[in-house]
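**Student:** Encoded as structure tokens, here's the structure I'll be asking about.
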Amino acid sequence: MGNAVYRDLIQAMAMVNVDWLCLAVPNQYKYNSDGKQTISNDYANAKDLAEALFGHSRVKIPYGLLLIGY
């Protein structure tokens, strides 16, 4: 929800000698919003983002990505 995956991907691009980035993301995050329980599918969202970035020729990501769902 705070776009931490975006931040982590960009910060890793600025790091020196990074060949692989390992991100551990919860499968789901449950929280209450306006008294109603809401579920965010964090792993699926991060996976979709990674597939979009790494599958695109416009942006060159200089490292490999290992995405772990827990």
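**Student:** Let me confirm something: among 25, 16, which residue is out of contact with any Pro (no Cβ under 8 Å at 6 or more places or on another chain), of a type outside the set (Ser, Thr, Tyr) and loosely packed, with under 10 Cβ neighbours inside 10 Å?
**Tutor:** 16
**Student:** Taking residue 60, is it at pLDDT below 90 and either surrounded by 14 or more Cβ atoms within 10 Å (Cβ to Cβ) or touching a Ser or Thr at 6+ places or on another chain (Cβ under 8 Å) (or both)?
**Tutor:** no
**Student:** Here's a follow-up. Quick check on my filter: what residues within region 9-41 are assigned to a helix (DSSP H, G or I) and under 14 Å from residue 64 (Cβ atoms)? Show your work before the answer.
**Tutor:** Step one: filter region 9-41 for residues assigned to a helix (DSSP H, G or I), giving 9-14.
Once the filter is applied, which keeps residues that are assigned to a helix (DSSP H, G or I) and under 14 Å from residue 64 (Cβ atoms), region 9-41 yields 9, 12, 13.
**Student:** Can you find even one residue in region 28-42 that is acidic (Asp, Glu) and within 15 Å of the chain's Cα centre (by Cα)?
**Tutor:** Within region 28-42, one or more residues are acidic (Asp, Glu) and within 15 Å of the chain's Cα centre (by Cα).
**Student:** Taking the options 43, 70, name whichever one is loosely packed, with under 13 Cβ neighbours inside 10 Å and aromatic (Phe, Trp, Tyr).
**Tutor:** Only one candidate passes the filter, namely 70.
The values are calculated or read from the model by the stated rules, or taken from the named source; none is laboratory data. Everything quoted here is computed from the prediction, not taken from an experiment. Ideal geometry is used to build each Cβ from the backbone, glycine not excepted, and the neighbour counts take in all protein chains shown.
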